[in-house]
1. Under unit Cβ charges (Lys, Arg +1; Asp, Glu -1), what dipole magnitude, rounded to 20 debye, does the stretch 330-398 have relative to its Cα centre?
2. With each pseudo-label sitting 7 Å past Cα toward Cβ, what's the Val274-Gln357 distance in nm, one decimal?
3. Amide H neighbours of Phe317 under 5 Å, counting only residues 5+ apart in sequence or on other chains, H built in-plane at 1.01 Å?
4. Largest first and in whole Å, give the semi-axes of the stretch 190-338's equivalent ellipsoid, each being the square root of 5 times a Cα gyration tensor eigenvalue.
5. Can you figure out the FRET efficiency of Ser163 with Gln364, using R₀ = 35 Å and their beta-carbon distance, to the nearest 0.05?
6. Among Ala386, Val417, Gln364, whose Cα projects farthest towards the positive end of the dipole of the stretch 340-420, with charges put on the beta-carbon of Lys, Arg (+1) and Asp, Glu (-1)?
7. Which entries in Lys115/Lys333; Lys305/Lys425; Lys387/Lys444 show an alpha-carbon gap greater than 29 Å?
8. Which length gain, in nm to one decimal place, applies between Thr461 and Asn89 when the Cα-Cα distance is subtracted from 0.36 nm times their residue separation?
Amino acid sequence: MTVANQGQSPGVGSTTVGVPNGGPTGVPTSGATNPGGNPTLGGPGPGPGQTTGPGGTTTPGAGGTTTAAAPPGGANGGVTPGSCVGFKNSTGIDNSSITIANVADLSGPVPGLFKSAQAAVTAYVAYFNATSSVCGRKLKVVGLDSGTNESADQQADTTSCGSAFAEVGSLGAFDAGGAATVQQCGIPDLRTLSTEPARVQSSVSYGVYSTIVNEIVRTPFDYFKTFSGEPYKNAAYVYLNAGAAIIQAKSFQAGEKMLGYNFRDVIAIDVTAVPNYDGIVTQLQHDNIKYVQYIGAYQYASRLKSAMYGAGYNPIFVMDPTAYDAGYVAGGKPVWGTYSFVPGPLFEEAGRNPQLQTYLTWLQRTSGGAPTFFGVYAWCAAALFAKLAVELGGKLSRSTLLTAIRATHNYTNNGMVPSQDPGGKHTTHCSSVVQLVGGAWVRKTPFPFSCAATVNTGVGT
């Protein structure tokens, strides 16, 4: 196996990373992919917490089905409000509003990296306020920039602690920066997802896309083994040498090796130098690599895939949900053929998913931005926050909200997404595989998701 760190003379580097395992282990507007082995296609998967790995299969985690606010009739449809007797104002709450903060990477090497998460929370707040309230109080969102670095993340979290009741739908590539800050102030941190182990381990931080580093979805990798023949035995892993992408790459490699993958090359793209994409392609060709998996920002992947196209090199090219994004598709013909595994709904299938359609509608009414995989889960984070706040009513406080979040398992936001375990912090079992064909994403696995036990890689625990 060749381990290389690709980079040339110093230049503009990027510190973007993909999202955690199960996809986002990346950044996308994506469909569904289900990394699962011995997949149960189109049906329910193992319960929260069930994994396979060196230690075998564990028993399912705590159960309890939770539905979120959002059906027809308004954001509170289907939710039973708690009594407002005893409601008390506190940090971020006054007589007319409840302030929530959203901290996302807006600036940095890749401008607007997670802007879609903030746009989704803003859209949900508009949707909620149009029809609902929490004991007469409307929601107010304050957007903050974590700058794609730990220092800015810490500063933004400090601001949130002092001015907002909770953080909702936040997403940053370097979210370890503010992990100790939110822990110390006790602010409920209901995130889109947590990308670094320190944030995952915080007792106040919970990802609604409940991926965790040491658990990976396996269905995509079983799928590639089944349809492709032998390429997975001559594989390479390419990742950005920065932030969460480093440990996620290690976890995916460990898990896929358990499934029989042979990574002959492991190549880290140095974000402090100008990547030598042609050099990477030359190495992969020389080593007869038939399967290439990439983790990191899609902007880098687009350049790598374009270099492959220019060299007439066409291995199986696989990405997490970061590829399921209009920005990646805009790369044109050179990026065609890319596969992506997506643990979420496909925008092309919104007609079959009322909750997804609501997100798309309100996103257009507010920012008009493009929907993304991360936007879906930021919207779900806001929906879960609103649901729990309405149910708590007069009992709402930071501590009672945290207790309610910890008790939330098997969350789908009324069927919008595959089952997530925010309270238990376990990676989803369900996903879909899609391929970019002629400029459009094509589903390769059955609707709506393929599900199976996750693989415990032992990395990042």
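1. Numbers: 6 positive and 3 negative charges, 39 e Å.
I would put it at about 180 debye.
2. Calculated label separation equals 5.0 nm.
3. Distant-sequence amide H within range of Phe317: Val292, Tyr339.
4. Details: eigenvalues 134, 67, 43 Å².
So the equivalent ellipsoid measures 26, 18, 15 Å along its semi-axes.
5. Calculated value: 0.75.
6. Highest projection toward the positive end goes to Ala386.
7. Lys305/Lys425; Lys387/Lys444
8. 130.1 nm
FYI, it's all coordinate maths here, none of it is from the lab. Because the structure is a prediction, the values reported are computed rather than measured. Methodologically, a virtual Cβ is constructed for each residue, glycine included, from the backbone with ideal geometry; neighbour enumeration extends over all protein chains shown.
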